[in-house]
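Everything below concerns the one structure shown next.
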Amino acid sequence: MLDNFFRITKFIPKLCVESVYDINFNTLYDAGKRIILLDLDNTLISYDVSYADEKLKSLLNNIKDLGFKLMVISNNKHERISNFCNDVKIEYVTSARKPFKKGFKIALKRLNCTNKKEVVSIGDQLMTDILGSNRMGFDSILVRPLKKSTEK
């Protein structure tokens with residue numbers, strides 16, 4: 001079982017980009033993606049920030065306007081996760097325990113998703129975001145961490 005869990009291919013994302021602003025969401029939609037699972041910390045905002053700025057709010061609204069369902073999935077259980085998500089009107093899963101499957105399964109259930117091929121996951125960590133997404137059978141996108149110095 002551990003051999004399957006740690007296969008090297010499970011750590012390889014489908015795409016690597018500098019930031020969420022470098023992702024072509026129209027291309028993802030044209031490829032049949034309809035659900036985007038987003039890591040929060042150092043993917044959307046750095047650890048020392050609690051809320052989205054206007055640029056990020058605009059991006060998230062544009063993604064929703066394209067027809068995507070969004071959900072933040074985080075290993076943290078901090079109040080800042082709920083504050084951020086409530087502010088930008090996105091559902092969330094906290095204490096997800098990525099790379100394990102439970103948090104991802106909760107997200108899929110809340111989003112009424114039955115087709116994993118419609119899901120793409122975006123995060124900044126190979127050991128949690130990419131490994132967990134690939135284990136679930138999602139396409140995964142790795143972004144460069146926003147602010148390494150604030151990482152916990």
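Inspection of segment 87-104 finds a residue satisfying the criterion of being more than 11 Å from L37 (Cβ to Cβ) and among the aromatic types (F, W, Y). Would you please name the residue that is most open to solvent (accessible area, probe 1.4 Å), looking only at residues in segment 100-126 that are touching a Gly at 6+ places or on another chain (Cβ under 9 Å) and assigned to a helix (DSSP H, G or I)? Going through the qualifying residues, I end up with K117.
Would you point out which residue out of K117, K148, K55 is modelled with pLDDT under 95 and not small (G, A, S)?
Details: K117 fails: modelled with pLDDT under 95; K55 fails: modelled with pLDDT under 95.
On inspection, the qualifying residue turns out to be K148.
Of the residues screened, L60 is one that is part of a helix (DSSP H, G or I), of a type in the set (A, V, I, L, M) and touching a helix residue (DSSP H, G or I) at 6+ places or on another chain (Cβ under 6 Å). Once segment 33-63 is narrowed to residues that are basic (K, R) and more than 25 Å from L131 (Cα to Cα), the residue that is surrounded by the fewest Cβ atoms within 10 Å (Cβ to Cβ) is K55.
Residue-wise test of (1) small (G, A, S); (2) in contact with an Asp or Glu (Cβ under 8 Å, 6 or more places away or on another chain); (3) closer than 17 Å to S140 by Cα.
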residue: G32; (1), (2), (3): yes, yes, yes
residue: Y47; (1), (2), (3): no, yes, no
residue: Y51; (1), (2), (3): no, yes, no
residue: L66; (1), (2), (3): no, no, no
residue: L111; (1), (2), (3): no, yes, no
residue: G123; (1), (2), (3): yes, yes, yes
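Counting just the residues of segment 8-32 that are outside any loop (DSSP other than H, G, I, E, B) and charged (D, E, K, R), which one comes out surrounded by the most Cβ atoms within 10 Å (Cβ to Cβ)? So that I can check it myself, show each step before the final result.
Quick first cut of segment 8-32, residues outside any loop (DSSP other than H, G, I, E, B) only: 8-11, 15-17, 20-22, 25-30.
Pick out the ones that are also charged (D, E, K, R) and you get 10, 22, 30.
On the way: K10: 17, D22: 12, D30: 9.
Ranking the candidates gives K10 first.
Answer yes or no: is there a residue in segment 128-143 that is open to solvent by 60 Å² or more (accessible area, probe 1.4 Å), farther than 16 Å from K33 by Cβ and either assigned to a loop (DSSP other than H, G, I, E, B) or of a type outside the set (V, I, T) (or both). Explain how you work it out, then say what you get.
To start, the set of residues in segment 128-143 that are open to solvent by 60 Å² or more (accessible area, probe 1.4 Å) comprises none.
Among the residues of segment 128-143, not one is open to solvent by 60 Å² or more (accessible area, probe 1.4 Å), farther than 16 Å from K33 by Cβ and either assigned to a loop (DSSP other than H, G, I, E, B) or of a type outside the set (V, I, T) (or both), which makes the answer no.
Checking each residue in segment 69-97 for being in a helix (DSSP H, G or I) and open to solvent by less than 70 Å² (accessible area, probe 1.4 Å) picks out R80, I81, S82, N83, F84, C85, D87, V88. Contact annotation: residue pairs with Cβ atoms under 7 Å, 6 or more positions apart or on different chains, pairing a residue in segment 132-143 that is in contact (Cβ under 8 Å) with a residue 40 or more places away in the chain with a partner that is polar (S, T, N, Q) and surrounded by fewer than 20 Cβ atoms within 10 Å (Cβ to Cβ), are V143/S19.
The values are calculated or read from the model by the stated rules, or taken from the named source; none is laboratory data. No experiment lies behind these values; they were computed from the predicted model shown. For neighbour counting, all protein chains shown are included, and Cβ atoms are generated from backbone atoms with ideal geometry for every residue, glycine included. Areas reflect the complete protein model, heavy atoms only, side chains present, ligands, DNA and RNA absent. Shrake-Rupley method; radii C 1.70, N 1.55, O 1.52, S 1.80 Å.
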